[in-house]
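The values are calculated or read from the model by the stated rules, or taken from the named source; none is laboratory data. Here the structure is a predicted model, which means the values were calculated and not measured. Here the Cβ positions follow ideal geometry from the backbone for every residue, glycine too, while neighbour counts run over all protein chains shown.
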Amino acid sequence: MGRLENKVALITGGSRGMGAAEAQLFAEEGAHVIIGDILEEQGRTTASKIDTPDTRCLFERLDVLNVSNWKSVIQTIVSKFGKLDVLVNNAGVTSRKMLLDTSEAEWDRVMDINCKGTFLGIKTTIPVLKNSGGGSIINISSQMGLVGADYISPQYQASKGAVRLLTKSVAIQYAPNNIRCNSIHPAPIETDMTAEVRDNPEAFQNMLRRIPMARYGKPKEVAYAALYLASDESSFVTGSEVVVDGGWTAQ
């Protein structure tokens, strides 16, 4: 039996990158997976590659800032599977504008998608998790939600720090309902989001110098952390940070 046998998991931003790696690994471990994303073509392609006779993987269009989208996706999940066990709030964006170059609109864009989107996901799924007898919420934050840096936008750091403390608040409030909530804090990972830096030799080397292991992480290395938090192996873990950063925050 897989580590997530017969669990039902919704992964936002699951069309590519870390989300796709999480979806693939969860399915391999026996979960029924729902990918929620605005990238419809990529999402359907990813889901079709994962879907097997033994493990169902569905794609549902989901804009994390659209409450109606959230409600519709949750209704679909309950209709098809009868429950929800795991929510991975993976959808997010980055920004590289420094403070004085950041417009109000750019601040709002990053804070809304990274933080408000996570809040809306939690708020919408809590009732169905309660009805399912509990579950696991996993919020993808960042090492930048733990420490500061001089090279990245303040709104990105603020949004990821907010996700960290939102996680703790939810963990405390819903522990009596057997709902666990934890955050994962990756350093740079080899995804589309980091391609711009990796394609710039100088910027890439500057980044590697900040990482004691001197490399970017791989999406599956984050997926394994999510797998642990989604599984019953972490049944006494809530309100915690799992750091997957190659030693970044140990300095």
Go through G19, G2 for me and flag whichever is under 14 Å from A230 (Cβ atoms) and modelled with pLDDT under 95.
G2
Starting from the stretch 11-36, take each residue that is farther than 19 Å from I189 by Cα and list its partners that are acidic (D, E) and part of a strand (DSSP E or B), counting only C-beta distances under 7 angstrom and pairs at least six apart or across chains.
I34/E60; G36/E60
Exactly one condition in (1) touching a Leu at 6+ places or on another chain (Cβ under 6 Å); (2) in a strand (DSSP E or B) is false for C181; which is it?
(1)
Among the listed residues V78, V88, V128, which satisfies the condition of being of a type in the set (V, I, T), assigned to a helix (DSSP H, G or I) and buried (at least 18 other Cβ atoms within 10 Å of the Cβ)?
V128
I want to confirm something. Restricting to the stretch 26-45 and keeping residues that are small (G, A, S) and under 17 Å from the mean Cα position of the chain (by Cα), which single residue is surrounded by the most Cβ atoms within 10 Å (Cβ to Cβ)?
G36
Just to check your reading of the model, which residue among A203, A175, A223, A187 is more than 17 Å from G134 (Cα to Cα) and surrounded by fewer than 17 Cβ atoms within 10 Å (Cβ to Cβ)?
A203
I'm checking my understanding of the structure. Among residues of the stretch 52-65 that are over 14 Å from S15 (Cβ atoms) and more than 16 Å from the chain's Cα centre (by Cα), which one is surrounded by the most Cβ atoms within 10 Å (Cβ to Cβ)?
T55
Which one of V93, V88 is at pLDDT below 95 and closer than 23 Å to K123 by Cα?
V93
Restricting to the stretch 66-109, what's the tally of residues that are under 30 Å from G133 (Cβ atoms) and either of a type outside the set (K, R) or under 17 Å from the mean Cα position of the chain (by Cα) (or both)?
24
